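A.B. asks: Pasting in a structure now, in C-alpha cells, and then I'll have a few things to ask.
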Amino acid sequence: MPEDRYYGYQFRSRQPCAIVDQQLALGTLEDTRNIDSWLTDYFLVDISNIPKEDNRQGNGQDRLALAAANRALVLYGELVRASGMPSYDHGRVLRVSAADETQAGYRATIALPVIDTLPLDLFAQVFRASTRLVLRTLSQEPSPEAARDLFAQLDEAIIAHAKKFSPFSWTTLPVCELAHQQNLPWRHIGRGVVRLGWGAKSQLLHHSSIERDSAVGAQLCGSKSHTVRLLRSAGFPVPEHRQVDSLEGAVEAARELGWPVVVKPEHEARSEGVTIDVDSEETLQPALRKAQENGSAVLIERQVPGICNRITVAGDRVIYVIRRLPKGVRGNGRSTVSELVEKANAGLGTVPPWKRLKEFPLDDLALESLAKQGLTPQSVPAEDQWVNLRPLSNDDWGGSIEDLTDHIHPDNARLAIDAVRMFGLKIAGVDLMTTDISRPWHENGAVILELNFMPQIRIQKREEHAARLMPALMGGDGRIPVHLVTGQGDLPGEARRLRSQLESQGRKCHLTSSDRSEDAAGREIVMTASGLFERSLALIMRRDVHELILVGALPEVLNRGLAVDRLENALVVDDDPERGERAAREIASRFPVRSCRRLSPEIVPIS
C-alpha cells in the first residue's frame with residue numbers, strides 16, 4: 001500500500017482531505033437510534049456535532065442515507081484515532097444520491113479527512129469498514145455482550161492492521177489534538193514528524209519535541225547521571241546516587257547512602273525498571289535484576305521523602321503540574337478494598353480497548369503494596385483515602401493523577417523553568433520529589449529527580465492548563481497571510497499589482513503560479529515541483545516565506561484543493577459580473593476567506 005503524497009484542503013475542512021465515493025445499502029435500516037446508542041454508550045463518542053438532516057434534503061430514505069453516511073464518518077474518525085493517527089476533523093458528506101440501475105441503495109461522495117504521506121487506500125479501507133459497521137452491526141440493538149465481541153473483532157481486524165501504517169508516537173498525538181482544538185494547522189511530513197504552521201511561522205514537531213530544542217540538551221537528558229551531575233554543578237537540588245554495574249557495587253552504594261534506596265536504570269524513561277523502598281540486601285538483588293533488564297548501568301539513589309510531581313514546562317512557562325499516584329482505588333468509608341477493586345473493574349470489557357483503563361489488580365504485588373499501607377483486601381478505607389495497588393506509577397501499571405497547577409509555589413515553578421532553560425530545551429518535563437508542591441523547594445528538601453526530553457503531554461483531567469501549550473510554543477496560530485488571485489484574464493499581472501500594494505505597506509510576499517514561483521524581490525525560484533498545489537506547498541514549507549500570493553485558474557484551485565486551509569483574501573479577475581460573482585461564492589464555499597472580491601476595470605466587492 002505504498003504512497004507518498006500530500007492532500008489538499010477543501011470544502012472548509014480543517015485538515016487535508018480526499019474525495020471518495022461510497023455505496024450505501026440501507027437494507028432494513030429504518031432509523032439511527034441503535035447506531036446512536038452504540039456510538040454514545042459504547043464507543044463513548046460525542047455525536048452532538050453530526051449535521052442535522054431536514055425535510056429539504058429529499059425523502060425519508062434520502063435523509064436516512066445522509067444520516068448513515070455522517071455516522072460512518074464519526075466511526076471512521078474514532079477508528080483512525082484508535083489506530084494511533086491524529087484525525088480530528090469530522091469530514092463532509094458532499095452529496096448522497098440514488099445509485100444507478102445496476103446497483104441498489106445510494107452513492108455518497110465524501111470529503112474524507114486523511115493524513116499526508118500515508119496511503120489513501122488505507123483510509124478508504126477504514127471508511128468502507130466503518131460504513132459496513134454502521135449499516136449492519138450498529139443497526140442492531142446494542143448490549144454489553146455484543147460490545148465485547150465487536151471490540152475484540154475491531155481490535156484484531158481493523159485497528160491492528162491500520163496501526164502498522166502509523167508512524168506517530170503516542171506523545172505526538174496530544175500535541176496535534178491541541179493544535180486542532182486551537183485552530184492551528186499542521187501537516188505530517190513523514191516518519192511521524194509534523195510541521196506546525198506555515199512558512200516563517202512554522203515549527204517542526206517530533207514526538208513532543210520541537211526543532212528549537214537543543215540536541216545537546218536532549219542527549220544529556222538521556223542519561224540520569226549526567227542530568228543530575230549538571231544540575232548539581234549549577235546549584236540545583238538533586239538526590240545523591242551512585243552508578244553501579246554489579247550486586248557488590250550496589251550493596252556498597254546502598255550502605256554508603258543509607259537505606260532505603262531507589263534502584264533505577266541509568267537510561268530508561270517513564271519509570272521503567274524502577275524499584276522504590278529497597279531497604280535491605282535481600283530486596284536489593286531482585287531490584288537490581290529488574291533495573292538491568294535493558295542494560296547493565298544502574299543507579300542506586302538515596303530515597304527522598306515525598307511524592308513525584310511532574311512539572312511540564314514549555315516556552316519558559318509552566319504549562320501544568322500533576323502529582324502522579326500509583327494505580328489504586330479511592331475509599332468511600334463503606335466498601336472493602338476488594339469491593340472497590342471489583343467495582344473499578346466492572347464494565348471495563350464494554351469500553352473500547354483504546355479508551356480502556358488498565359485493569360485494577362489484586363495480585364501478589366498489590367497485596368504487598370496493601371501490606372505496606374497496613375491494609376488487606378478486607379480492609380475498609382476511610383472516605384477519600386487513596387489505596388495504592390502498586391508501589392509507583394508507570395506505563396505498564398498505569399496510575400492516577402491530581403492536577404496541582406494552581407498550587408505550585410512560585411519558587412518551584414522558577415526552579416523548573418531555570419532547569420529546562422539550562423539544558424537549552426523549549427519543552428520538557430521536570431520531576432520534582434517533594435512533600436508539598438505548595439511549599440518552596442528550599443524549605444522542605446525537595447529535589448529534581450530528572451528532566452524528561454520529549455515528555456508525555458496529556459489533555460484529560462487538565463484540559464484548561466494543557467491549552468497553554470500551543471501559545472507557549474507557537475505564539476499565535478502559525479499562519480502567514482495567503483492570498484489567491486484567480487478567474488480569467490491577466491492573473492499574473494493582477495498578482496504582481498497586489499504584491500506592489502502589499503510591499504508599499506512594508507510586507508514581503510512570495511508569489512507562485514502553476515509553473516513559476518518568485519521570491520519577495522520578484523526573482524524566480526527554480527524548483528522541481530510543478531502545479532499550483534505542489535508549488536504553494538513547497539513554499540509554505542520554507543522559512544523565508546512570510547506572505548504568499550497564489551495565482552491560478554479556478555478549475556486548478558477547486559480540483560485539487562489548496563495547500564492551506566484558509567485565505568487572507570481572494571481576488572477574482574473577471575469582466576463578467578455574474579460569472580465573477582459565481583466564482584467568488586464558489587471559493588467562499590470551499591475555503592474560509594477573510595475578504596473575497598471581484599476585480600474588473602473597477603474593484604467591485606462581492607457580498
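The values are calculated or read from the model by the stated rules, or taken from the named source; none is laboratory data. Remember, predicted model here, so these are calculated numbers, not experimental data. Cβ: placed from backbone, ideal geometry, glycine included. Neighbour counts: every protein chain shown.
A.B. asks: Counting only residues that are basic (Lys, Arg) and outside any strand (DSSP E or B), which one in the range 261-311 is modelled with the lowest pLDDT?
C.D. replies: Taking the candidates together, the pick is 270.
A.B. asks: Return the residue satisfying two criteria in turn: it lies in the range 539-571 and is part of a helix (DSSP H, G or I) and touching a residue at least 24 places away in the same chain (Cβ under 8 Å), and of such residues it is farthest from residue 12 (Cα to Cα).
C.D. replies: Among those residues, the one meeting the criterion is 539.
A.B. asks: In the list 324, 334, 330, which residue meets the criterion of being of a type in the set (Lys, Arg) and farther than 30 Å from residue 452 by Cα?
C.D. replies: One residue alone meets the criteria, 334.
A.B. asks: Going through the range 47-86 one residue at a time, which ones are at pLDDT 95 or above and in a loop (DSSP other than H, G, I, E, B)?
C.D. replies: If the condition is that a residue be at pLDDT 95 or above and in a loop (DSSP other than H, G, I, E, B), then 83, 84, 85, 86 are the ones that fit.
A.B. asks: Name every residue in the range 88-109 that is surrounded by fewer than 18 Cβ atoms within 10 Å (Cβ to Cβ), modelled with pLDDT of 95 or more and in contact with a Lys or Arg (Cβ under 6 Å, 6 or more places away or on another chain), in order of residue number.
C.D. replies: Result: 109, single match.
A.B. asks: Name every residue in the range 250-275 that is within 32 Å of the chain's Cα centre (by Cα) and not hydroxyl-bearing (Ser, Thr, Tyr), in order of residue number. Explain how you work it out, then say what you get.
C.D. replies: As a first pass, look at the range 250-275 and keep what is within 32 Å of the chain's Cα centre (by Cα): 264-275.
Answer for the range 250-275, where residues must be within 32 Å of the chain's Cα centre (by Cα) and not hydroxyl-bearing (Ser, Thr, Tyr): 264, 265, 266, 267, 268, 269, 270, 272, 273, 274.
A.B. asks: Moving to a separate point now. Having 1 or more residues that are within 30 Å of residue 581 (Cα to Cα) is the bar; report the strands (runs of 3 or more DSSP E) wholly within the range 438-526 that clear it.
C.D. replies: Where strands (runs of 3 or more DSSP E) fall fully within the range 438-526 and carry at least 1 residues being within 30 Å of residue 581 (Cα to Cα), they are 482-487, 510-512.
A.B. asks: Any residue at all in the range 527-538 that is in contact with a His (Cβ under 7 Å, 6 or more places away or on another chain) and either at pLDDT 95 or above or farther than 22 Å from residue 16 by Cβ (or both)?
C.D. replies: No, there is no match, as no residue in the range 527-538 is in contact with a His (Cβ under 7 Å, 6 or more places away or on another chain) and either at pLDDT 95 or above or farther than 22 Å from residue 16 by Cβ (or both).
A.B. asks: Which members of the range 328-379 meet the condition of being part of a helix (DSSP H, G or I) and either assigned by TED's automatic domain parsing to the domain that holds residue 75 or in contact with a helix residue (DSSP H, G or I) (Cβ under 6 Å, 6 or more places away or on another chain) (or both)?
C.D. replies: The answer is 349, 350, 353, 354.
A.B. asks: Just need a number here: residues in the range 396-425 that are farther than 19 Å from residue 236 by Cα and either buried (at least 18 other Cβ atoms within 10 Å of the Cβ) or not charged (D, E, K, R) (or both).
C.D. replies: Selection size over the range 396-425: 8.
A.B. asks: Out of 116, 121, report the one residue that is surrounded by 15 or more Cβ atoms within 10 Å (Cβ to Cβ), of a type in the set (Asp, Glu) and under 29 Å from residue 187 (Cα atoms).
C.D. replies: 116
A.B. asks: Right, another one. Would you mind stating whether residue 498 is surrounded by 14 or more Cβ atoms within 10 Å (Cβ to Cβ) and either farther than 27 Å from residue 185 by Cβ or free of Cβ contacts under 8 Å to residues at least 24 places away in the same chain (or both)?
C.D. replies: Working: surrounded by 14 or more Cβ atoms within 10 Å (Cβ to Cβ): yes; either farther than 27 Å from residue 185 by Cβ or free of Cβ contacts under 8 Å to residues at least 24 places away in the same chain (or both): no.
Against the criterion (surrounded by 14 or more Cβ atoms within 10 Å (Cβ to Cβ) and either farther than 27 Å from residue 185 by Cβ or free of Cβ contacts under 8 Å to residues at least 24 places away in the same chain (or both)), residue 498 does not qualify.
A.B. asks: Right, something else. Only one of (1) more than 21 Å from residue 531 (Cβ to Cβ); (2) at pLDDT 95 or above; (3) not acidic (Asp, Glu) is not met by residue 594, so which one is it?
C.D. replies: (2)
A.B. asks: Let me ask you something else. Out of the residues in the range 30-44 meeting the condition of being of a type in the set (A, V, I, L, M) and surrounded by 20 or more Cβ atoms within 10 Å (Cβ to Cβ), tell me which one is nearest to residue 59 (Cα to Cα).
C.D. replies: Filtering first and then ranking leaves 35.
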